[in-house]
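In what follows, a structure is listed as structure tokens, so that the remarks can point back to it.
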Amino acid sequence: MPNLIKLENIKKSYIVGDQTIDVLKWIDLEINEWEFISITGQSGSWKSTLMNIIGMLDNPTSWNYYFNNENVADITDDEQALIRRKNIGFIFQSYNLISRTSAIKQVMMPLIYQWVPWKERIKRATEALNKVWLWDKLNSLPNELSGWQQQRISIARALVTNPLIILWDEPTWALDSKTGEEIMELMMSLNNEWKTIIIITHSPEVDKYAKKRIYIKDWLILN
């Protein structure tokens, strides 16, 4: 499979007072197209920090990051944002929904930044919500929906731009076992549709679905 992402010697540090605290060190990681990868580790192992680096939401302290063979370290923040908008769909643990906005408008938002015409936005957002079984909730507000339904809105929003990669932080953290299984089966079906799936989790039940597993401990990737 073609190489999509390559991280070389990634390091992330924070300055606290007069101290430098390393949170990730010497991270080397390759991700190929169409892989289904889990990144696991105990709480406090900086899994989400690594996810944000992969998703170009955060820059490492020192790095080489190749996306489709282009070194992201050599381009501007605006150029990174363009790559991110075109290629990466995010599903955050907190869903990040806007309280007084309908489901269909929530899902349409990423298309605004791609200058997609209004009618096409409605069409694609409707298709994305149909894909996650919310065809009857297009005009519902978040407070009218269950947690599982809210999460499906965030999934549809990640899918609407047809990204190469889905990055998902703790996919089943607030779900019961049956719903968790349903959501992982959805991820498997997306992977079968040639999406690269990267999930951040501490759950063995989620980890078992992945075809490739990355474990972080003491700031390092252990294979």
Checklist entry - Of K123/K212; K86/K212; K12/K212; K119/K212; K86/K208; K6/K178, which pairs sit farther than 31 Å apart, going by alpha carbon to alpha carbon? => result K123/K212; K119/K212; K6/K178
Checklist entry - Sequence-distant or interchain residues sharing an amide H contact under 5 Å with S62, placed H: which? => result K11
Item to check | I112 versus N69: modelled label distance in nm, points set 7 Å from Cα along the beta carbon direction | outcome: 3.7 nm
Item to check | Karplus-derived 3J(HN,Hα), 6.51/-1.76/1.60, for each residue of the range 2-15, Hz, glycine and proline x | outcome: x, 6, 9, 10, 9, 9, 10, 6, 6, 9, 10, 10, 10, 9
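Hey, what number do you get for the chain at 222 nm if only DSSP H runs of n ≥ 4 count, each worth -39500 (n - 2.57), divided across all residues, to the nearest 500? Walk me through the intermediate numbers first.
Details: 7 runs with 76 residues, N = 223.
Calculated at 222 nm, the ellipticity per residue is -10500 deg cm²/dmol.
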Checklist entry - Relative contact order for the range 124-213: what is it in percent, counting Cα pairs under 8 Å that are at least 6 residues apart? => result 27 percent
Next on the checklist: Amide H of L24 versus every other amide H placed in the peptide plane: which residues, excluding those fewer than 5 positions away on the same chain, fall under 5 Å?
Outcome noted: K12
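Can you tell me the dipole magnitude for the range 93-167 around its Cα centre, using point charges on the Cβ only (Lys, Arg +1; Asp, Glu -1), in Debye to the nearest 20?
On the way: 10 positive and 4 negative charges, 27 e Å.
Rounded to the nearest 20 debye, it is 120 debye.
Using just the alpha carbons, could you tell me how many Å³ per residue the convex hull of the range 75-223 encloses? If you can, show how the numbers build up before the last one.
On the way: hull volume 20.5 nm³, N = 149.
Residue-normalised Cα hull volume stands at 138 Å³.
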Checklist outcome for this item: Under the 7 Å Cα-to-Cβ spin-label approximation, N59 and E30 lie apart by a distance in nanometres of 2.7 nm
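In the chain, what percentage of the DSSP-assigned beta bridges are antiparallel, given to the nearest 5?
Working: 20 of 38 bridges.
About 55 percent, rounded to the nearest 5.
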Item to check | Cα centroid separation, the range 194-215 to the range 15-29 (Å) | outcome: 25 Å
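Since every read-out is calculated from the coordinates, none of them should be taken as a lab result. Just so it is clear, the structure is predicted and the values come from calculations on it, not from any experiment. We place every Cβ from the backbone using ideal geometry, glycine too, and count neighbours over all the protein chains shown.
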